[in-house]
């Protein structure tokens, strides 16, 4: 029974990783194609659907960690996925004024290259038990550039959205109301920006540690 469940887990994770890989490959293809042919102003409209689907599918990784399907700690997975979902839905989708910004291009290209490498790496590991050493190196090295460019784009887009958030009062809850509760999305966005200040260096240090561990282990093998 345990052997059957192990095989079932590997089949599921293989399908999951390659499905999401396909989504991110579409994002990168449409982003580069549109950037070349039409300019950065049209990148978001070209990648919106695959971007939303691929990024939202990452929610499953939190569940995978919670139920022990993968070894990745939820404490590391949750903030990264949470911030990306916030930018995808809470900024870009919610405030169309941000969609033509040049940072959208750097955002989706940084995200998609990172995820294409990551999902193909795990897809191969689940399917065949291992991945090529060059893909391992890419998995734990490209973030050195792509993480800063992605984070800079995220922060820049949230900052760009602030005046639109404030003027629209979207998602705000004003008193008086039956819940006796108020919520201002503008200040929530400012808090989100504030979280990036300690959060980004912490995550970068965590990934540097993971890189050192993975590459040293690879050399020993």
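The values are calculated or read from the model by the stated rules, or taken from the named source; none is laboratory data. All of these numbers come straight from a predicted model, not from anything done at the bench. Methodologically, a virtual Cβ is constructed for each residue, glycine included, from the backbone with ideal geometry; neighbour enumeration extends over all protein chains shown.
Numerical summary
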item	result
Near pairs, Cβ below 8 angstrom, 6+ apart or cross-chain, from the range 93-104 (on the phi < 0 side of the Ramachandran plot) to any residue that is surrounded by fewer than 17 Cβ atoms within 10 Å (Cβ to Cβ) and in a loop (DSSP other than H, G, I, E, B)	94/170; 94/171; 95/170
Matching residues, the range 32-52, being closer than 16 Å to residue 157 by Cβ and over 16 Å from the mean Cα position of the chain (by Cα)	40, 41, 43, 45
Residue match in the range 18-35 (condition: surrounded by fewer than 16 Cβ atoms within 10 Å (Cβ to Cβ) and in contact with a helix residue (DSSP H, G or I) (Cβ under 6 Å, 6 or more places away or on another chain))	no
Selection status of residue 82, crowded, with 18+ Cβ neighbours inside 10 Å, more than 18 Å from residue 218 (Cβ to Cβ) and either in contact with a helix residue (DSSP H, G or I) (Cβ under 9 Å, 6 or more places away or on another chain) or modelled with pLDDT of 95 or more (or both)	no
Complete set of residues in the range 42-79 that are in a loop (DSSP other than H, G, I, E, B) and at pLDDT 95 or above	58
